[in-house]
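Worksheet for the structure shown next.
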Amino acid sequence: MKKYHYITSLLLAGFSFMMSSCKDDFAELNQDPSTVTKGNVAYLFSQGILEFEPSKYQYWFYSGPQMFQWIQNYIPNGGASSDIFEGGTKPDLMAIKVQKYANEIEYVRSKMAPGESAQYELYTAAINVLTTYMGIHDSDFIGDIPFTEAARALHGGTLTPKYDRISDLYPAWLNILDKSITTFTTSKGIKIKSEQDPIFSGKIDKWAKLANSLKLKIAARLISQNKAEAIKIAEAVAKAPCGVLDGSEDDFIFNKATYNSTNADYTYHWNDGVMAQVSASKNFMDMMIKNRDPRVRFIFDKNDWNSKVVDLFLKDAGKKKQIPKFIMENVVLDEAGHFKEWKAPGEPWVRYYGLPEEFDAKNKPQYSDWYDWSTNCKYDDKHIYRPFSKFQEEQIRGRKDFSYPILPGEAVVEDKVDNPWYGMYMTTGEVNLYLAEFKLLGADLPKSASDYYNKALKASVEEYDRLASLNKIPYYGTTYNQDPNEKPIDLVDGEIDTMMSQADYKLTGTQAEQLEKVYIQQIIHFSLSPIDCFVTARRSGVPTMKSNIWKRTDYAANGLGVNKIPRRMAMSAPSPTDLMYDILKQSYADQGYTVGSGDILNSERVWQDKKAPQWGEGPKL
């Protein structure tokens with residue numbers, strides 16, 4: 001029986017800690033519970049990393065698909081309709097999951113002698129970087145959030161933490177990050193053990209780079225409100241001695257656990273399906289295929305129409321006309337009218353198609369190949385072949401089963417092996433895309449915008465390839481030995497150079513055209529982070545209505561213009577019995593929010609979005 005009860009959960013508003021006596025928590029941290037007599041900073045830190053989860057399942061099932069629809073890189077499976085303009089679902093605030101451990105570390109250290117406490121300052125610095133990351137994530141949805149007073153009830157803090165203004169939190173977070181960097185670069189305290197740090201294995205220089213890089217995330221969100229201050233931050237980041245994330249060894253990509261008996265989500269992420277109600281949009285997909293962007297294979301899944309399926313329908317006179325025309329456009333027939341080969345660019349590129357964005361397309365005959373696929377692509381009651389591409393779920397959860405598209409009479413080919421999940425949170429690609437953006441906006445940075453941009457694109461593709469390998473997504477490293485024309489999706493030598501030689505991907509043109517290209521690349525890079533993707537589109541006005549690269553579809557003729565597309569999540573009316581009732585009401589009033597959804601979600605904006613361009617307008621110079 002352990003003498004110290006490990007803190008494992010906290011009510012959302014930070015009201016009170018719940019105590020746990022689960023022996024497994026200690027076992028998985030390699031600590032005998034009988035030896036723990038007081039708060040152990042190292043193990044509190046490890047538990048904080050275990051609880052580092054910016055999003056709940058709700059975010060991926062509801063909020064993510066909604067935000068992607070507003071951006072138009074995804075389209076509902078039933079096509080665009082008035083439903084696309086409905087208000088978004090506000091996810092739970094998640095920073096508190098790590099804050100409770102950061103605050104407990106602070107408390108435990110406060111009970112130590114000064115000399116002993118100073119030995120643990122690296123742990124405090126590292127976990128404060130994580131809470132800042134989580135705070136930025138939470139505030140992107142709704143603006144003001146409880147932060148400075150949150151998760152402090154256990155040791156005398158308030159049960160009703162205030163909602164901090166986001167305009168105050170940005171400078172506060174920058175100060176936290178600066179203090180963390182100072183600690184990382186000067187501390188003589190106890191080093192973080194590699195086994196307690198699944199993120200950077202105790203390498204403090206990597207933590208310093210992450211803290212410095214994270215400042216760019218804040219600077220990007222400040223551009224519309226205070227461009228001069230945002231540029232100043234970016235300049236300081238680029239010139240800081242600690243550096244920024246620079247290469248695969250620095251990237252914030254990690255797996256929490258290969259096994260956890262308390263909660264399998266720690267190991268595999270979500271168990272249920274995510275992003276199932278939307279699929280890739282045609283304009284977004286066509287842009288990536290046209291420019292031979294390998295990331296298309298790591299963000300989306302292959303459709304079911306391999307060469308054997310195509311030939312199955314071709315050889316059946318009654319089924320031949322059911323092959324979607326956009327698939328047949330990529331097929332070369334032999335003299336008998338059977339499948340011979342794929343047209344260039346061939347596999348795997350010819351297996352990726354998006355859904356048309358046109359309003360009410362599902363009810364228009366010219367789009368039946370896409371929206372009537374369950375009938376058109378049905379061979380028999382047991383064999384229906386999806387012709388378009390969906391979100392690659394195995395990049396988000398390790399418990400997704402895969403079934404290879406087989407022909408009638410063939411044996412089932414499946415992959416049901418669960419794989420510990422790796423998440424991508426901040427990388428070299430993201431950092432250099434921010435630096436390219438700030439250089440174009442006039443920041444005094446050491447390198448050219450092209451240098452940052454080109455490095456970002458190369459890094460982003462390599463990061464996605466690495467993540468696909470780690471998460472063992474379908475077709476990575478295998479063709480399942482079913483179709484002689486099948487190709488794996490692994491990155492191939494020379495593909496990055498081919499992609500970067502495309503005019504749409506070269507950083508050329510006017511300042512506005514170059515900025516558009518940078519923002520398009522940011523949106524592509526954030527395809528596994530809906531909120532970052534949403535924030536980028538919201539603050540940039542990209543995709544634009546007049547783009548020659550990736551054009552936004554306008555629904556104004558249907559009475560649903562861009563001024564009706566939400567720019568924040570809907571707020572529910574607080575309950576009078578809620579301890580936070582008065583604070584919530586005041587927070588809504590302070591931000592000018594009305595309860596509910598509709599046009600207000602576009603006009604009543606979060607503070608950082610108030611001066612940003614409207615959807616489709618393009619960047620402000």
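The values are calculated or read from the model by the stated rules, or taken from the named source; none is laboratory data. What you see is a predicted model, and the numbers here were worked out from it, not measured in a lab. So basically every Cβ, Gly included, is an ideal-geometry build from the backbone, and we count neighbours across all protein chains shown. Heads up: the accessible areas ignore ligands, DNA and RNA and are worked out on the full protein's heavy atoms, side chains in. Shrake-Rupley method; radii C 1.70, N 1.55, O 1.52, S 1.80 Å.
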Dipole in debye (nearest 20) - region 343-482, about Cα centre, beta carbon charges: Lys, Arg +1; Asp, Glu -1: 140
Length released on extending from Arg165 to Ala236, taking residue separation times 0.36 nm less the Cα-Cα span: 23.1 nm
Long-range HN-HN contacts of Glu341 with modeled amide H, under 5 Å: Val332
Per-residue [θ]222 nm for the chain (sum of -39500 (n - 2.57) over DSSP H runs n ≥ 4, rounded to 500): -11500 deg cm²/dmol
Alpha carbon centroid spacing (whole Å) that separates region 312-337 from region 371-401: 19
Cross-link partners of Lys390 among aspartates and glutamates (Cα-Cα below 13 Å; sequence separation of 8 or more within a chain): Asp301, Asp304
Helix axis angle, 96-110 relative to the chain longest principal axis, alpha carbon, degrees: 20
Simple label model, 7 Å out from Cα along Cβ direction - Ala512 to Met328, nm: 4.2
Label-point separation, Lys546 to Tyr581 (7 Å along Cα→Cβ), nm: 5.2
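Stretch Asp493-Ser201 to full length: gain in nm at 0.36 nm per residue minus the Cα-Cα span? Intermediate results must be reported in sequence, preceding the final value.
Numbers: separation 292, 0.36 × 292 = 105.12 nm, distance 3.04 nm.
Gain on stretching Asp493 to Ser201: 102.1 nm.
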Cα centroid of region 458-529 to Cα centroid of region 243-266, whole Å: 22
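Could you provide, to the nearest whole Å², the per residue accessible area of the chain with probe 1.4 Å? Don't skip to the end; give the middle numbers.
Numbers: 24090 Å² over 621 residues.
Here the per-residue accessible area is 39 Å².
Of all GluC sites (Glu not before Pro) in region 392-473, which ones are in loop regions per DSSP and have a Cβ with at most 13 other Cβ atoms within 10 Å?
Working: sites: Glu393, Glu394, Glu410, Glu414, Glu430, Glu437, Glu462, Glu463; in loops: Glu410.
Within region 392-473, the qualifying GluC sites (Glu not before Pro) (loop, at most 13 other Cβ atoms within 10 Å) are Glu410.
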Distance violations [Cα-Cα > 30 Å] among Lys206/Lys551; Lys90/Lys382; Lys290/Lys620; Lys362/Lys400; Lys472/Lys610; Lys188/Lys215: Lys206/Lys551; Lys90/Lys382; Lys472/Lys610
Between region 152-205 and region 580-621, the Cα center-to-center distance that results, in Å: 28
Accessible surface of the chain, 1.4 Å probe, proportion on carbon and sulfur as whole %: 49
